[in-house]
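Read through the structure below, which is laid out as structure tokens, and then see the notes.
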Amino acid sequence: MPTIVLRKSNHSRSIAFRVAHLGIAMGIWLRTLLEADLRSLAVFRIAMAAIVLIDLTAKAPNLTAFFTDDGVLPRRVLLAELRPWSISLHLMSGTFAVQALLFGAAFLAALAMLVGYRTRLASIVVWIMVLSIQWRNPFLLHGADELLRVVLFWGMFLPLGACWSVDRWRQRAPVHISTRFVSIGVAGLFLQIAFMYWFAIILKSGREWRVDGTALYYALSSDELISPTGTFLLGFPDLLRVLTFATLAIEIVAPILLFSPFFKGPVRTAGVALIMSFHFGILVTMNIGYFPLLSALCMVCYLPAWFWDTGVPWLKVAVAGLSRFGRFAAHVASIPDRVQHAPIWSRLATIKLASLKLVSVNASGASEPTGTHASALHTQGQNRTYERGTERAISLRSSVGSNLLAAFFLIYVFVMNITTVTAYTMPMPEVSSAMAVALGLDQRWAMYSPTPIQFTYWLTVPGVLGDGSQVELLQAVTHQDPDRIDEVSLDKPANVNETFRDIYWLRYLTTLSTTTAEERFLNFGGYVCRSWNEWYPVGPMQLQTFDIVYFTQPTLRDGERGEIQHQVIWQHRCR
């Protein structure tokens, strides 16, 4: 009998140990999901504010065309098509002065967010202004705008100004804050970015992605989006096939690395580096606006404490060592051959021994600089409980209300993404849709899905002047420069990308070309006529009529192009 009891006891103890191990593993994974480093959040704040400033600066030259009642989309036209709950401060007035004032307010708020001045308020204002600008002209939107507004939303739940900010500098008494921050808002930001990759993979369901491996070939064959580097890569179809499947692998595997509970520091850093490299590759091969830059820079929020406490110090040591070795090598090169070898090896040995002594391990297991280079490699804000005697670092915490609200929106965003890849619909669809639009959380990550487009397109706007002559108007009108007129031609431009002034005109004209709304064409026509006839109010150069001609050229396999086709999609008479 005692033997039987003993066996049961051992079995029960084994189960208890397994449950305990599982609980520990789950705890480690949850902490990985919920924990961010304040230094990484600070860099994330700076990067997102910089992106907003770049976007505002790029949109500013088109302020009249896209955001005033004198442009291509007056408010009366927009309000007839705008989705309910698309709240925009820019709808209060259609004048240039008010729009410029609102753009200036957004710019100042982004500057405050950049330097970390009243960061929480600044981040809220930036989110409101970005959303307001997007809803003022939704026909300009692309994937970058969608990603920007959702990451700015999650940033409002986080202490973005707790490190490397004016707010931190303005604190009267020095406060030792732990760089580890745990909250559900962190999980919301982390998973929101991961959702973009995972759900995009599901939507990339075409043969070009999953079977043939020709998706990148077709994507890079769109001349309106291609860069010189992308054109060069078209000469290597086998490489593009490998890169197509590699794209799928990166979008699946790399986000998983970001949540690895094992060797979290180096593994998560490797995942960040992999995704950033992927987007920088897109940046140099395609002209698709700031989407690759934004996608790469938002990854900095994942950088773990290991990166700042161990990776950065070692990187500084390596850079210092290389610099020292480079100077010494130049010195050695100037010495006669018969005496140059001994100094080299002695110098190399000195560098090696010095680098081995630069970093030691502190009590918490993190790397810490020592010796003569300790002050140069000091990292701000590390969570060391032994700093300044027995004083402990203060850990920032989100309120219960903030965590509950973040949890609600995290579930809401996840379910919303599920609806984009399945037949499932949101509960209370009218309320859910209104909330998604009002908060800017509406999202569908369908970039190049289910397949990339397999043709190149461009537009021409040939106009007839008062003297009967014909001129090409598109460049002159979009650049607001009467000297940029061209001859009317049905031939393919030497550089299709240059026929569009920027990514915003590309998006607007693409939307215009695929619409059936006559009111949009009428307002674009009115804008073209007003712009031209303000330069030539009287005389033979006045614009009388113009057409919008839409050209397409199919992309065939093996680097071939199909026959160019064109059609007149609108004819306009100036009043």
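Quick look at the values:
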quantity	calculated
Residue satisfying condition, being without any contact (Cβ under 8 Å) to a residue 12 or more places away in the chain, outside any helix (DSSP H, G or I) and either under 28 Å from residue 240 (Cβ atoms) or not assigned by TED's automatic domain parsing to the domain that holds residue 467 (or both), within set 498, 563	563
Residues within segment 125-151 that are touching a Ser or Thr at 6+ places or on another chain (Cβ under 7 Å) and buried (at least 19 other Cβ atoms within 10 Å of the Cβ), tallied	4
Residue tally, condition surrounded by 18 or more Cβ atoms within 10 Å (Cβ to Cβ), in a helix (DSSP H, G or I) and either aromatic (Phe, Trp, Tyr) or in contact with a Cys (Cβ under 7 Å, 6 or more places away or on another chain) (or both), over segment 227-284	1
Some residue of segment 508-527 being assigned to a strand (DSSP E or B) and either in contact (Cβ under 8 Å) with a residue 12 or more places away in the chain or within 31 Å of the chain's Cα centre (by Cα) (or both)	no
Enumeration of residues in segment 392-421 that are surrounded by 12 or more Cβ atoms within 10 Å (Cβ to Cβ) and not hydrophobic (A, V, I, L, M, F, W, C)	392, 395, 397, 398, 402, 403, 412, 417, 419, 420
Count of residues meeting criterion [part of a loop (DSSP other than H, G, I, E, B) and under 24 Å from residue 435 (Cα atoms)] in segment 64-95	7
Tabulated pairs, segment 303-320, first in a helix (DSSP H, G or I), second surrounded by fewer than 22 Cβ atoms within 10 Å (Cβ to Cβ) and at pLDDT 75 or above, C-beta under 6 angstrom, 6+ apart or interchain	306/265; 307/269
Count of segment 447-471 residues which are touching a Phe, Trp or Tyr at 6+ places or on another chain (Cβ under 9 Å) and part of a loop (DSSP other than H, G, I, E, B)	10
Filter pass, residue 61 being outside any helix (DSSP H, G or I) and not aliphatic (A, V, I, L, M)	no
Residue pairs meeting the criteria (Cβ under 7 Å; at least 6 apart or on separate chains; first within 19 Å of residue 510 (Cβ to Cβ), in segment 441-454; second assigned to a loop (DSSP other than H, G, I, E, B) and of a type in the set (Gly, Ala, Ser))	450/205; 450/206; 451/206; 453/222
Cβ-Cβ under 9 Å pairs, at least 6 apart or on other chains, segment 50-61 side closer than 18 Å to residue 479 by Cα, far side polar (S, T, N, Q)	61/480
Residue match in segment 32-55 (condition: in a helix (DSSP H, G or I), at pLDDT below 85 and either closer than 28 Å to residue 304 by Cβ or in the same structural domain as residue 531 (by TED's automatic domain parsing) (or both))	yes
Any hit, segment 155-175, residues being within 25 Å of residue 290 (Cβ to Cβ) and in a helix (DSSP H, G or I)	yes
Sole residue being out of contact with any Leu (no Cβ under 9 Å at 6 or more places or on another chain), assigned to a helix (DSSP H, G or I) and among the aliphatic types (A, V, I, L, M), chosen from 477, 538, 488	477
Whichever residue in segment 528-558 is in contact (Cβ under 8 Å) with a residue 12 or more places away in the chain and among the charged types (D, E, K, R) and, among such residues, is surrounded by the fewest Cβ atoms within 10 Å (Cβ to Cβ)	558
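Residue-wise test of (1) modelled with pLDDT of 90 or more; (2) within 30 Å of residue 304 (Cβ to Cβ); (3) outside the structural domain of residue 200 (by TED's automatic domain parsing).
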| residue | (1), (2), (3) |
| --- | --- |
| 392 | no, yes, yes |
| 412 | yes, yes, no |
| 425 | no, no, no |
| 434 | yes, no, no |
| 447 | no, yes, yes |
| 463 | yes, no, yes |
| 474 | yes, no, yes |
| 477 | yes, no, yes |
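The values are calculated or read from the model by the stated rules, or taken from the named source; none is laboratory data. A quick note: this is a predicted structure, and the numbers were derived from the prediction, not measured. Here the Cβ is made from the backbone with ideal geometry for all residues, glycine too, and neighbour counts use every protein chain on show.
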